[in-house]
Amino acid sequence: MISKSSSPISPRLCFILFFSKAILYFTGMVLIVAGLFFLANLEIHNNSMVMLIASFTVIPLLFWEFKTFHGLGAVRLAVYNIASVLIIAGLTLAMGAVYDKSWDGMAYHQIGIVELSRGWNPFYEQLPYEAQNSKYFNREIVLNLWINHYGKALETFSAVMMTLTGNIESGKVFNVLMLLSAFCSLFWLLTRLNLLGMGWNLLVAAAATFNPIAINQLFSYYLDGALGSLILILMCQLIMLMRRDGREERWPTYISIFFTSVILINLKFTGLIYHAWICLVFLGLVLYLKQFKMLGHFVAAAAVSGLIAVFIAGFNPYVTNTIRAGHPFYPLAGENKVDAIVHMTPKPLKAHNTFGKFLISNFSRCDNFGETSDRAVAYKVPFTFTAQELKIFQSEGIRLNALGPLWSGIFCVTLVLLVIIFIQLKGINRIYLLALVASVAGAVAINPASWWARFIPQLWLLPVIVFVFLLFAQTKNILRFISKTAVLLLIANTALIAGVYFYSVYSSTRSANQVFETLRRSTTPVFVYFDIFTPNEKKLEANRVSFVKVGRLSELPCDSAMQILKIDYCMGGGKSPRSTVHSSVVNSRQ
């Protein structure tokens, strides 16, 4: 596959590569600069220097790379740069107009962003471990445990964007940018490999990139979809290194791998683990092919990437966790570790081992319930689904069969075709297939929570890999037809989810804006209870709503509170408050 000759490079096509790299380089540099600021005990809130330093480092780097390796002139590069800035700015403003309605997004992700925007330095300071009661749980919640000890790529980038826009919602553009960068990276790769026609290059890139997890989290601060996008980008870059006629592009590829690694390693703990596994498989492939010169270069690049990702951009959590808690992956590992999944696992899955849970989840109906529910897992015939299943995707973080209503059928077809193509392929192409499948399957198997698809978004790449190999290597029309149909089914599966989820986001945002306008115009006091979703204060402040915050739901002075975006509220006094209101008006109308 990788030995096939490339098509000529179009200057217009180069913009796709430029845009993808601009996103990666800028995001990665923001994390590095922010890490240096934190190490120097400087704050990133209300500090435009992080954005400026990152921008004025990345722009010359991109100009040098595309002038040196692609022969583009200064005028064209200036146009590319301006176009990239305008696209990113437009997307940032658009995401700022849409409300995150997700559980994790409105809770600890946005809390981290708010604290960073207030001057918190996670390298030297810890937020207090305050237990909170919530009407949604039958146990106390300590959100700051996760905020203190988890990776902060998303939160840091979003806090920097918030400095620019003043809108906490604008940071969600991170997910969109990672998705677009992944799409451009894969489309560029497929074009350079020249395996398929332009139309199928677009379709395959769309099928692989528009992962149901990424689409179902696109307008939220969930970050599993971005994790999947970054894994795809990393794999694309590693394939580019293996191209036999692409030696002139290897140094720019190493730069892309560097910035991808910085972001991926600091997004989640599993980002580091998945990164290490995929690179290990790549090293095995390089050794098998006896490309020892590349081996040295790659090991050096990986070492530099890892050191900067962990000791500068990721000093918190990796170094601080080791110092404070004795393990870089605390609280998920080490002494006094906390099982973050046990309370979210559906009861029917708890009696099974990891593989059993994985099978049950992938062949059940799409559903979303935890340990407090007595519901049973319902199985279904592959390629069938109900309207109720589709409604599940109004929410993020779906637990059972979260890769979509058609996934179980696509997964079955994938496994059958994988056996067929593996038998038929010969020589180096079989080795390439084995390496790609091992990268994905191994990165799935090493996660004990692989039953929950949001934690293994890379599983979605398995059918794409199999179908692409069949499309370029298969001569039998029936198998090519099945592969093409399957690619279209992947897109249709994601489209079903997108239709439901996008409408739910639009509907909740429209309803919230209507409520906020009513509250803003209220002539009587507005009482609100945020529960654990305290960053929702920012939504009310942004809409110039004067409000009185109460500490308990029972303190709302009304018999029946209303709710929007997990904000319980009431206007005026339907009854006397049951207890003292501790907070006063925090924002005045303007």
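The values are calculated or read from the model by the stated rules, or taken from the named source; none is laboratory data. These numbers were taken from a predicted model, which means no experiment stands behind them. Every residue, glycine as well, gets a Cβ built from its backbone with ideal geometry; the counts of neighbours run over all protein chains shown. Calculation scope for accessible area: heavy atoms of the full protein, side chains included, ligands and nucleic acids excluded. Shrake-Rupley method; radii C 1.70, N 1.55, O 1.52, S 1.80 Å.
One table, with the values for the structure above:
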read-out: Filtered trypsin sites (Lys or Arg not before Pro), segment 131-197: DSSP coil and at most 16 other beta carbons within 10 Å; value: K135, R139
read-out: Residue-wise HN-Hα coupling along segment 255-260, computed from phi with Karplus coefficients 6.51, -1.76, 1.60 (Hz; x: Gly, Pro); value: 5, 4, 4, 4, 5, 4
read-out: Unit charges on C-beta of K, R, D, E only; dipole of the chain, Debye; value: 1360 debye
read-out: Lys, Arg +1 and Asp, Glu -1 on Cβ, resulting dipole of segment 371-517 about Cα centre, debye, nearest 20; value: 580 debye
read-out: Cα centroid separation, segment 32-68 to segment 418-468 (Å); value: 36 Å
read-out: Loop sites in segment 294-353: trypsin sites (Lys or Arg not before Pro), DSSP, at most 11 other Cβ within 10 Å; value: K350
read-out: Antiparallel bridge percentage (DSSP; both residues within the chain; nearest 5); value: 85 percent
read-out: FRET E, pair I431, N194, Förster distance 25 Å, beta-carbon r, rounded to 0.05; value: 0.80
read-out: Probe 1.4 Å - accessible area at T253, Å² to nearest ten; value: 10 Å²
read-out: Degrees separating the helix 292-308 axis from the principal Cα axis of the chain, which is the longest one; value: 10 degrees
read-out: Proximal lysines to K380, defined as alpha-carbon separation beneath 21 angstrom and excluding residues fewer than eight positions away on the same chain; value: K347, K350, K357, K391
read-out: Residues V342 and T524, FRET efficiency given R0 of 56 Å [Cβ-Cβ distance, rounded to 0.05]; value: 0.80
read-out: Among (i) 25.6, 88; (ii) 24.4, 79; (iii) 27.9, 89, the entry that matches Rg and Dmax of the Cα atoms in Å as calculated here; value: (ii)
read-out: Candidate lysines - alpha carbon under 22 Å from K476, same-chain residues fewer than 8 apart omitted; value: K4, K426, K484
read-out: Apportionment of accessible area to carbon and sulfur, the chain, percent (1.4 Å); value: 63 percent
read-out: Cα-based helix-to-principal-axis angle, 49-70 vs the chain, degrees rounded to 10; value: 20 degrees
read-out: Sites E517 and V142 - FRET efficiency at Förster radius 25 Å, r taken between beta-carbons, to 0.05; value: 0.10
read-out: For the chain, accessible area per residue (1.4 Å probe, heavy atoms of protein chains only), Å²; value: 40 Å²
read-out: Full-stretch length increase - T354, N543 - with 0.36 nm per residue and alpha-carbon distance subtracted; value: 63.4 nm
read-out: Computed [θ] at 222 nm, helices only, for the chain once each DSSP H run of length n ≥ 4 contributes -39500 (n - 2.57); value: -19000 deg cm²/dmol
read-out: Chain lengthening between L307 and V75 when straightened (0.36 nm per residue, less Cα-Cα); value: 79.9 nm
read-out: List D559, D531, D104, ordered by accessible area with a 1.4 Å probe, largest first; value: D559, D104, D531
read-out: Residue-span extension gain [K476 to Q563] - 0.36 nm each, minus C-alpha spacing; value: 25.5 nm
read-out: Angle between the chain longest axis and helix 153-165 axis [Cα atoms, degrees, rounded to 10]; value: 60 degrees
